[in-house]
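Undergrad: Got a structure for you, questions after.
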Amino acid sequence: HVLTHWVPLLDNGELQGVVAVFHDITDLTKLENIRRDFVANVSHELRTPVTVIKGYAETLLDSLMESDPERARKFIEIILSHSERLAALIGDLLTLSQLEAGNMNLEQATVRPEQVAKHTMELLEPKAAQKRIAVDCSGVEGAPAVIADPGRLEQVMVNLLDNAIKYTPEGGSISFTVKADNGMVRIGVKDTGPGIPAKDLPRLFERFYRVDAARSRNEGGTGLGLSIVKHIIQLHGGTVGVESEPGKGSEFWFTLKQA
Ligand code: ADP
């Protein structure tokens, strides 16, 4: 893409000639497209829950409150669940925009992965228990310490463990893996879930990219979790990745500097 300016050369108000200036705006156009897609996605994601909340609240107000308290209760539950979805989406969007604006100051602490993993597990244990999913933390026990912002590292682990629980069917299992190599520590969250088709793997960490959008929404997913993970890890100078095969489960991993 080329943007052209014509600049007149004037001498005492008399036209002497014209200079053509060419700018290569390929990168700008790309950025603008990304921005436009993002805004379109955000609007789309926000519209559904708002429409649902509005519709159910109106029906409640109009008639159900007195005539049919049982249905009223069901509607209130739907309103609540969609409000929660909106709140999660807005929270994730705020985190992403902070990450992208570069105004997230990272703390550089020495952190033991075992501690963060165990804390994360305590947070998500009830959710795993509901689906009778066993989470095995033994792989991360005694893992080498890393340099990281403890709060952000927890956010990364919460996102990965939460996904593993969301997408793994009842009775499945999840484990942590750790490898230290070349000054970096690789931490993985491995599940016995459905796995992911090879064609989707390269795009998984993109904003709003989902293998199965209906399934993700059903599980309260925002489509932003993995892009937040990638951003946080990149800010730490690490990398993220996934190994997965349909029918064989997935392992999402990231690396951080060893302390
Ligand atoms: P979401 O809120 O949809 O979970 P994420 O960015 O966290 O958004 O993940 C993007 C998509 O990657 C998910 O919608 C899902 O299709 C896929 N995914 C993530 N984690 C797993 C997993 N452990 N097993 C299978 N698919 C997964």
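The values are calculated or read from the model by the stated rules, or taken from the named source; none is laboratory data. This structure is a prediction, so every number in the text was calculated from the model and none was measured. Heads up, the Cβs are rebuilt from the backbone with ideal geometry, glycines too, and the neighbour counts pull from every protein chain shown. What goes into the accessible areas is simple: the full protein's heavy atoms, side chains included, and nothing from ligands, DNA or RNA. Shrake-Rupley method; radii C 1.70, N 1.55, O 1.52, S 1.80 Å.
Undergrad: Relative contact order of the chain: what whole-number percent is it, with Cα pairs under 8 angstrom and at least 6 residues apart? Provide the component values of the computation, followed by the final result.
TA: Values: 375 pairs, mean separation 39.9, N = 259.
With pairs under 8 Å counted, the relative contact order is 15 percent.
Undergrad: Which peptide among 48-54, 204-210 comes first, and what is the full order, when sorted by highest mean count of other Cβ atoms within 10 Å?
TA: Numbers: 48-54: 14.7, 204-210: 17.7.
For the peptides 48-54, 204-210, the packing ranking is 204-210, 48-54.
Undergrad: Would you look at the GNM of the chain, springs on alpha carbons closer than 10 Å, and say which of G220, G172, G142 moves the most?
TA: Highest fluctuation of the listed residues: G142.
Undergrad: Moving on to the next point. With respect to the cross-link table entries K30/K230; K131/K199; K118/K179; K230/K257, which display a Cα-Cα separation exceeding 25 Å?
TA: Working: K30/K230 21 Å; K131/K199 29 Å; K118/K179 18 Å; K230/K257 15 Å.
Beyond 25 Å between Cα atoms: K131/K199.
Undergrad: I need two numbers for region 128-211: Rg to one decimal and Dmax as a whole number, Cα atoms only, in Å.
TA: Cα radius of gyration and Dmax of region 128-211 are 14.1, 39 Å respectively.
Undergrad: Another one. For the chain, just run the numbers: alpha carbon Rg, then divide by 2.2 N^0.38 Å, N being how many residues it has. Provide the component values of the computation, followed by the final result.
TA: Values: Rg = 24.2 Å, N = 259, 2.2 N^0.38 = 18.2 Å.
Scaled against compact globular proteins, the figure is 1.33.
Undergrad: Still on this structure, please answer the following. Mind checking the per residue accessible area of region 1-83 for me, 1.4 Å probe, whole number of Å²? Write out the running numbers ahead of the final one.
TA: Numbers: 6640 Å² over 83 residues.
Heavy-atom accessible area per residue stands at 80 Å².
Undergrad: On to the next question. Using just the Cα positions, wrap region 7-64 in a convex hull and report its mean projected area in square nanometres, one decimal place. Provide the component values of the computation, followed by the final result.
TA: Numbers: hull surface 32.4 nm².
With the hull built on Cα positions only, its mean projection is 8.1 nm².
Undergrad: Return the sequence-ordered ³J(HN,Hα) values of region 18-33 in whole Hz as given by the Karplus equation 6.51 cos²θ - 1.76 cosθ + 1.60 applied to θ = phi - 60°, using x for Gly and Pro.
TA: Whole-Hz 3J(HN,Hα) from phi for region 18-33: 9, 10, 8, 10, 10, 10, 7, 10, 4, 5, 4, 4, 4, 4, 5, 5.
Undergrad: For n ≥ 4 DSSP H runs only, could you compute -39500 (n - 2.57) per run for the chain, divide by its residues and tell me the 222 nm figure to the nearest 500? Numbers along the way, then the final one.
TA: Values: 6 runs with 120 residues, N = 259.
After summing the helix terms and dividing by the residues of the chain, the value is -16000 deg cm²/dmol.
Undergrad: Now for a separate question. Restricting attention to region 1-108, which GluC sites (Glu not before Pro) occupy a DSSP loop and are surrounded by at most 13 other Cβ atoms within 10 Å? Spell out each step's value before the answer.
TA: On the way: sites: E14, E32, E45, E58, E66, E70, E77, E84, E100, E107; in loops: E107.
Taking region 1-108 and a limit of 13 other Cβ atoms within 10 Å, the loop GluC sites (Glu not before Pro) found are E107.
Undergrad: Same structure, new question: Would you mind calculating the gained length between N41 and V7 on full extension (0.36 nm times residue separation, minus the Cα-Cα distance), in nm to one decimal?
TA: On the way: separation 34, 0.36 × 34 = 12.24 nm, distance 3.92 nm.
Full extension of this stretch gives 8.3 nm more.
Undergrad: To continue, here is another question. Could you compute how much accessible surface R85 exposes when probed at 1.4 Å, giving the result in Å² to the nearest 10?
TA: Near enough 40 Å² of accessible area.
Undergrad: By how many nm would the segment from D24 to L123 grow when fully extended, if each residue of separation counts as 0.36 nm and the alpha-carbon distance is taken off?
TA: Values: separation 99, 0.36 × 99 = 35.64 nm, distance 4.99 nm.
Going from the current span to full extension adds 30.7 nm.
Undergrad: Any idea of the accessible area per residue across region 150-259, 1.4 Å probe, to the nearest Å²? Working shown, then result.
TA: Numbers: 4810 Å² over 110 residues.
Result: 44 Å² per residue.
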